[in-house]
1. Checking the structure you have, find out if any residue of the stretch 177-184 is touching a residue at least 60 places away in the same chain (Cβ under 8 Å) and either among the hydroxyl-bearing types (S, T, Y) or on the phi > 0 side of the Ramachandran plot (or both).
2. Hey, could you check the stretch 344-357 for residues that are among the hydrophobic types (A, V, I, L, M, F, W, C) and touching a residue at least 12 places away in the same chain (Cβ under 8 Å) and say which is farthest from V48 (Cα to Cα)?
3. Tell me, which helices (runs of 4 or more DSSP H) wholly within the stretch 13-131 include 2 or more residues that are of a type in the set (V, I, T), open to solvent by 10 Å² or more (accessible area, probe 1.4 Å) and over 24 Å from M214 (Cα atoms)?
4. Tell me the residue from T351, T316, T359 that is farther than 19 Å from Q43 by Cα and open to solvent by 40 Å² or more (accessible area, probe 1.4 Å), please.
5. Quick check, is Q273 assigned by TED's automatic domain parsing to the domain that holds C319 and without any contact (Cβ under 8 Å) to a residue 12 or more places away in the chain?
6. Among the residues that make up the stretch 254-271, is at least one of them within 16 Å of A366 (Cα to Cα), modelled with pLDDT under 95 and open to solvent by 30 Å² or more (accessible area, probe 1.4 Å)?
7. Between a residue in the stretch 131-149 that is free of Cβ contacts under 8 Å to residues at least 24 places away in the same chain and any residue that is aliphatic (A, V, I, L, M) and exposed (fewer than 10 other Cβ atoms within 10 Å of the Cβ), which pairs come within a Cβ distance under 9 Å, given they are 6 or more apart or on different chains?
8. Answer yes or no as to whether R81 is touching a His at 6+ places or on another chain (Cβ under 6 Å) and either more than 15 Å from A33 (Cα to Cα) or in the same structural domain as A166 (by TED's automatic domain parsing) (or both).
Amino acid sequence: MTTAAIIVAAGRGLRAGGDVPKQWRSLAGRRVADWTIDRFRGQVAHIVLVLSDEDTLAWEEFRNNDLILATGGTDRAGSVRNGLKALTHLEVTRVLIHDVARPCVSSRTIQDVLTALDAHQAAAPGLAVTDALWTGQDGAVTGTQDRSNLFAAQTPQGFHYDTISAAHAAHPGGAADDVEVARAAGVDVCIVPGDADNLKITHPEDFARAERIMGMDMDVRLGNGYDVHRFGDGDHVVLCGVKVPHDRGLQGHSDADVGMHAVTDAIYGALAQGDIGQHFPPSDPQWKGAASEIFLRHAVELAGQMGYRISNVDCTLVCEYPKIGPHAAVMREEMSKIMGLRADQVSVKATTSERLGFTGRGEGIASIATACLVKS
Ligand code: MG
């Protein structure tokens with residue numbers, strides 16, 4: 001099961017004021033789009049960003065990172081269709097479609113939609129209307145409206161990929177959102193609880209409200225991890241997901257990737273969810289020789305399920321040999337790929353221990369790591 005998110009960011013959004021579209025305006029020190037994209041990192045396998053042709057700077061900036069870019073259509077539905085097409089060859093089974101102008105969406109909402117997709121073809125957050133509703137004209141109340149069974153629609157709206165692709169292909173156009181497109185194709189849509197904080201930035205005053213929501217939300221957790229593996233026979237070691245030629249190998253039940261183990265334990269530590277040994281017991285033969293990215297992916301998924309996103313990790317390898325420096329950049333890239341992070345959120349560095357102790361004598365490699373997780 002592979003899940004992708006499509007973030008629709010091609011609109012011009014000028015009702016929100018300012019001289020650039022709202023997704024490129026600053027919110028709590030970063031652009032609205034940056035916050036929104038980060039909400040989905042680590043929660044889905046692929047992120048498609050749908051951009052207007054006019055946003056040439058954004059195209060240049062995002063072209064070289066891990067996002068998939070698609071061109072905006074003449075309307076929102078056209079943009080979504082282009083986003084869906086960009087996923088054609090990736091064997092995606094489920095897709096979340098999200099408005100870039102909702103940067104405060106929580107991991108809880110994202111996970112609720114994903115969970116509902118286990119049992120439904122389509123699911124989306126809806127906020128039950130609690131205020132009394134009026135109709136009005138010329139500044140006067142002209143009537144009241146029954147609010148029972150009324151919901152305010154939010155995003156991300158989630159669908160089985162083939163279902164929504166077919167629904168969009170068949171739709172004549174003019175739908176307000178993807179739920180309307182799905183329903184026009186006869187698809188039942190499950191409502192999951194919406195969140196009042198998942199606001200859509202529409203008017204100038206919404207920026208201040210979004211900043212307040214982000215400020216209230218600040219729950220930062222740190223975790224540390226420490227691991228050691230002993231040298232044995234071999235002609236290479238695997239460190240932070242990268243095979244490094246060496247005249248010895250590392251012993252261990254899995255692939256003995258001491259760096260990735262420390263990072264994985266740091267994430268488990270931040271979540272207060274034990275360590276690798278508890279989740280993947282070494283006594284269980286199925287983990288013998290296992291690639292350590294299985295462990296790291298599990299820790300990252302667990303963080304997402306518990307409502308945390310990983311802000312950064314820092315890993316230090318302690319050894320005299322092999323030399324880490326020449327491999328550090330590709331190690332960062334490899335781990336950031338596995339974690340669904342940007343490379344600048346992942347640090348890999350090394351130190352010797354001045355020939356002291358077991359690492360100094362070349363008996364093994366040690367690693368320590370720190371992870372910072374933020375509730376989102
Ligand atoms: Mg280990």
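The values are calculated or read from the model by the stated rules, or taken from the named source; none is laboratory data. The structure presented is a predicted model; accordingly, all values stated were derived computationally and were not measured. Cβ: placed from backbone, ideal geometry, glycine included. Neighbour counts: every protein chain shown. Ligands, DNA and RNA are stripped out before the accessible areas are found, and what is left, the full protein with its side chains, is counted by its heavy atoms. Shrake-Rupley method; radii C 1.70, N 1.55, O 1.52, S 1.80 Å.
1. no
2. Ranking the candidates gives A350 first.
3. none
4. Details: T316 fails: open to solvent by 40 Å² or more (accessible area, probe 1.4 Å); T359 fails: open to solvent by 40 Å² or more (accessible area, probe 1.4 Å).
From the options T351, T316, T359, the qualifying one is T351.
5. So Q273 fails the test.
6. Yes, there is a match, as at least one residue in the stretch 254-271 is within 16 Å of A366 (Cα to Cα), modelled with pLDDT under 95 and open to solvent by 30 Å² or more (accessible area, probe 1.4 Å).
7. Hits for this filter: W134/V141; T135/V141; T144/A132; Q145/A132; R147/A132.
8. Criteria met by R81.
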